[in-house]
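Everything on this sheet refers to the single structure shown next.
The values are calculated or read from the model by the stated rules, or taken from the named source; none is laboratory data. Everything numeric in this text was worked out from a predicted model, so none of it was measured. Methodologically, a virtual Cβ is constructed for each residue, glycine included, from the backbone with ideal geometry; neighbour enumeration extends over all protein chains shown. The accessibility values were calculated without ligands, DNA or RNA, using every heavy atom of the protein model including side chains. Shrake-Rupley method; radii C 1.70, N 1.55, O 1.52, S 1.80 Å.
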Amino acid sequence: MAMTVTEKILAAHAGKESVVPGDNIWVDVDVLMTHDVCGPGTIGIFKEQFGQNAKVWDREKVVIIPDHYVFTKDKHANRNIDILREFVKEQDLPYYYDVGTDNYKGVCHIALAQEGHNRPGEILFGTDSHTCTSGAFGMFSTGIGNTDAAFILGTGKLWVKVPETMRFEFTGTFPPYIMAKDILLQVIGDIGVDGATYRTMEWAGDAVYRFSMEERMTLCNMAIEAGGKNAVIEADEVTLEYLKGRTDKPHTIHHSDPDANYYYKKTYNADEMVPIVAKPHSPDNKAAVTECTDVKLDRSYIGSCTGGKLTDFIAAAKLLKGKKVAIDTFIVPATREVEQDLYKTKMDGESLADIFKNAGALLGEPSCAACLGGPKDTFGRANSTEVVISTTNRNFPGRMGSKQSQVYLSSPYTAAASALTGHITDPREFLNN
Amino acid sequence: MKKTIEGKAYVLGNDVDTDQIIPAEHLVYSLTDPEEKKNYGKFALSGVPQEAAGLPDGNHAFVDEGKFESEYTILIGGKNFGCGSSREHAPACLKIAGIQAVVAESFARIFYRNSVDGGFFIPFESKVRMTDDIKTGDTLLIDLGAETLTNKTSGKSFSLKSLGEVIDIIEAGNIFEYARKTGLIAK
Ligand code: SF4
């Protein structure tokens, strides 16, 4: 029977020949990821349900990555990390990336990729809604709550309703000033914040396959902002190249059958894409950057799992090099590896880190930081009426801290161009020079 | 499982996200410690903008200053209720504040799933938009058998969508009880 990539992965993990959308199935889980915000609750439920001395179903398959509230004085937040430490010790878990050690990574979705936990054909659940990011590796990945995570910890299984698939295909070539983030904001604006609820967003087309793994991760990262269950891009040579040196575990590459059933299919001409922002207070509040150039800004924020990877900072540095920012500009690498790359990667002999510092931007420690507001002392948090342009993924009221602040979501190019002028600015103004 | 749920309505609009339900800065409290857990009731829905807090008028505190529980026990929402993060603190905080049912035009997937699997309350989907016909403070009656919601204050009735296959998990109590009943995990 003809199936999509997502259907094939789910069928394989349910021990079935085939599945169709709407089927409720139990699947075997390859990886369970949790972090400091949801880990303690998950552990609590696991112990309550399976007993104080219960062991996790497979210690090799549990990955714990503290990333949300790690550089704060908040005593409850720090206590939560202690709970993770204790659990890791008690269960002897090999994949724990502790704060304050050389092993610390940063934002979980990017760390999962960098540490080789994302593998084509596998099923990964995480207690974070942006777990859909891993779909960039041709796998099924989605976010769950503490209860479901505790259930997996005890059993290695979870029930899933097979989603319908929506396919977004891009033919042609993206212009050089267009990033994956623009594409995403365009599509979410087109289908709305509930446009993909319960469904899979499958990204395809030559223009998409030319994207690097980092750009592919950005593309999959915001499926949840359209309500999607998961996002997926078929694995290919680019995927295999990225996996080299990161994992040697066997994996399976699935392809969607040409005659598979889709709930929805849309083809875009990549050449026609323009820089996009999402205006406050919703990721689907789409506008072309050119329509918003009179919006005055207080702050530019470049970071998070969506916009804090090396590709994102290379883009920002191209614009900021040799110039000065006009507004407060925050640079937050997603992970340690990205942070190290900021020092290693050079443009005309100057490291990206130096480019940012010389431009007057502030560099933060790798973590989620102000992407989700967090405790009051969080780096880059909006604490009053700031108007912010940000490469993050959500601009709901209060998401970056204050309910009075206003957040515009954009690509790193647009966030950097806007940092230079103090109002929303089309990156073409600088890139064409 | 109870046959009816009766209580006072608290009405919200479309796209109520998890940061409005429980702002991220409060996610640090323990969900297992009974004393600390109360804070989730205190801060439930504290991220909703003033003008949208308790429609149609707004400016109705969901939980009064200094309290940990709400006088409202049934939440009415529009489309895409609970969108945003996967934090289970969202359905948990509503339950801790005393919510017994959330009735919305549609739900975001993870919030819906968390409500059912965690056994916090029953998420009902309405067949029509209700947010124009129910005011914050109205007395509502949900009849599970008849799959209806009646606004006792105005007399108007609405039909609810069937709960479908998740009814088995709801009836069992949560995903663990369901798995025990069906033999997937040991009793
Ligand atoms: S960077 Fe932001 S969106 Fe990504 S995991 Fe952290 S809080 Fe969530």
Discussion item. List the residues, sorted by chain then number, that are 5 or more residues from residue A:423 or on another chain and whose placed amide H is less than 5 Å from its amide H.
Written reply: A:297
Item to complete: Mind checking which of A:347, A:382, A:367 is farthest towards the positive end of region A:347-433's charge dipole, using Cβ charges of +1 (Lys, Arg) and -1 (Asp, Glu) about the Cα centre?
Response: A:382
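Which length gain, in nm to one decimal place, applies between residue A:237 and residue A:298 when the Cα-Cα distance is subtracted from 0.36 nm times their residue separation?
Extra length available between residue A:237 and residue A:298 comes to 17.8 nm.
What order do A:148, A:30, B:33 take when sorted by accessible area (1.4 Å probe), most exposed first?
I get B:33, A:30, A:148, largest accessible area first.
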Worksheet item: How large is Rg/Rh for the protein assembly as shown, to two decimals, with Cα atoms and a Kirkwood Rh?
Response: 0.95
Worksheet entry | Kirkwood-type radius of region A:122-198, with distances r between different C-alpha atoms, in Å | 14.8
Practice prompt. Could you work out, residue by residue across A:192-199, how many beta carbons of other chains sit within 10 Å of that residue's beta carbon, and then give the average as an integer?
Written response: 5
Worksheet item: What's the Kirkwood radius of region A:1-149 in Å, using all Cα pairs?
Response: 16.2
Fill in: Equivalent-ellipsoid semi-axes of region A:296-351, from the Cα gyration tensor, Å, largest first
19, 16, 8
Worksheet item: Out of A:35, A:14, A:72, whose Cα points farthest toward the positive end of the dipole of region A:1-80 (charges: +1 Lys, Arg; -1 Asp, Glu; placed on Cβ)?
Response: A:72
Practice prompt. Quick one: accessible surface of residue A:407, probe radius 1.4 Å, all protein chains present, in square angstrom to the nearest 10.
Written response: 10
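What is the ratio of the Cα radius of gyration of region B:4-181 to 2.2 N^0.38 Å, with N the residue count, to two decimals?
0.96
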Worksheet item: So for A:356, B:120, A:71, what's the accessible-area order with a 1.4 Å probe, most first?
Response: A:71, B:120, A:356
Worksheet item: Quick one: which of B:51-61, A:165-175 comes out on top by average Cβ neighbours within 10 Å, and what's the full order, highest first?
Response: A:165-175, B:51-61
Practice prompt. Please report how far the C-alpha centroid of region A:288-325 lies from that of region A:65-130, rounded to the nearest whole angstrom.
Written response: 28
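Chains B and A: how much accessible area gets covered up at their contact, both sides added, probe 1.4 Å, in Å² to the nearest hundred?
Buried area (both sides, nearest 100 Å²): 3800 Å².
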Practice prompt. Partner chain Cβ atoms within 10 Å, averaged over the residues of B:170-177 - can you pull that number for me?
Written response: 3
Worksheet item: Averaged over peptide B:12-22, how many Cβ atoms belonging to another chain are found within 10 Å of each residue's Cβ?
Response: 4
Worksheet, complete the sentence: Per-residue accessible area, 1.4 Å probe, largest first, puts A:203, A:159 in the order A:159, A:203
Worksheet entry | Pairs of lysines in region A:252-377 (C-alpha under 21 Å apart; 8 or more residues apart or interchain) | 24
Worksheet, complete the sentence: To the nearest Å², the heavy-atom accessible area per residue of chain A with 1.4 Å probe amounts to 33
Worksheet entry | Electrostatic dipole magnitude of region B:4-181 [Cβ: Lys, Arg +1; Asp, Glu -1; Cα centre; debye, to 20] | 260
